[in-house]
Amino acid sequence: MHRSGAAMAWNVFKFCTALRGLGSIMILLVLGVVGVTYYAVVLTNYGPALYDGGVDSVTGLAVLIPFHSLLVMLLWSYFSVVLTDPGGVPPNWRPAIDEERGEADPLNGSDFGALNDSSNLRVRYCRKCNQMKPPRCHHCSVCGRCVLKMDHHCVWVVNCVGALNYKYFLLFLFYTFLETSLVTLSLLPHFVAFFGDGEIPGTPGTLATTFLAFVLNLAFALSVMGFLIMHISLVSANTTTIEAYEKKITPKWRYDLGRRRNFEQVFGLDKRYWFIPAYSEEDLRRMPALQGLEYPSKPDLDSQEF
């Protein structure tokens, strides 16, 4: 029994090590898909159409302008997720205690337990990091550290998705879905032409690239749509992927502030920044609440400010 447990731990360790090694490969894979798509849409099909004049030029502009706009936002959001730290536990973090309100010190419990009871909040302790964990914080075996408001570790972005980059991840999904849907629709006539009787202009290489780009973008559009719908439902309930599997079925999730305020906790209060991977200065000042560093002392959080 002991040997099987040790073997399982070793296998998990090797799996996490392999995921860390995928880093640059996954980034190159994403850039490769972008490159194939760009070649098929811009250089092969709609770029040359700009010089044909008439309806072809108008169609080319109608595709290329939104294509490049969405591509910029997609790449901006993607590298924001890759390069932004998801949020770590500050050194010597301790939960805040409000003595004026008569709140007890949660460290005085008999042991460091999990938040098994919504009415009995105790500080959790990470034995791997040898430190206390703020609420909604989880240890990532791939990154080897605790991450604030951790949602999941994503191999596509080579990073954890947590408190500080969750918005960027959602925008990456959003713009990826729009971009791949646009590419799929724009290349659909060329894809259908493959199965027609007429002669198709282009070399075998350009035709193969167009075919590959259509199939890849259709597959990504369908898969990303599912993830996007799932994460929208999670945001609306102010929960994460991990919490959706771990939390008990209760009448009210303790962090649910209502759909609008749940959305604002992720995207900020300034509407001008909702669709770009950045925060306003005012929202940056509210980051401690966003990071989940505040330890809630009461089950009802409706009175707390974002």
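Each reported figure results from applying straightforward, stated rules to the coordinates on display, with no laboratory input. What you see is a predicted model, and the numbers here were worked out from it, not measured in a lab. Cβ sites come from the backbone with ideal geometry, for glycine too, and all protein chains shown count toward neighbours.
Assorted remarks:
- Dimensionless Rg/Rh of segment 135-284 - Kirkwood Rh, Rg from C-alpha atoms: 1.11
- Loop-resident sites, segment 117-178, for trypsin sites (Lys or Arg not before Pro), counting at most 12 other Cβ within 10 Å (DSSP): ARG127, LYS128
- Potential lengthening of the chain between ARG272 and ARG260 amounts to 2.7 nm, from the contour at 0.36 nm per residue minus the alpha-carbon distance.
- Protection proxy ranking, highest mean first, for peptides 68-76, 46-54: 68-76, 46-54, where packing is the per-residue count of other beta-carbon atoms within 10 Å, averaged.
- Whole-angstrom gap from segment 43-68 to segment 126-203, using each part's C-alpha centre: 29 Å
- Neighbour net charge for VAL81 - beta-carbon separation under 12 angstrom, K R +1, D E -1: -1
- The stretch between LEU83 and TYR245, if pulled fully straight at 0.36 nm per residue, gains 55.6 nm over its current Cα-Cα span.
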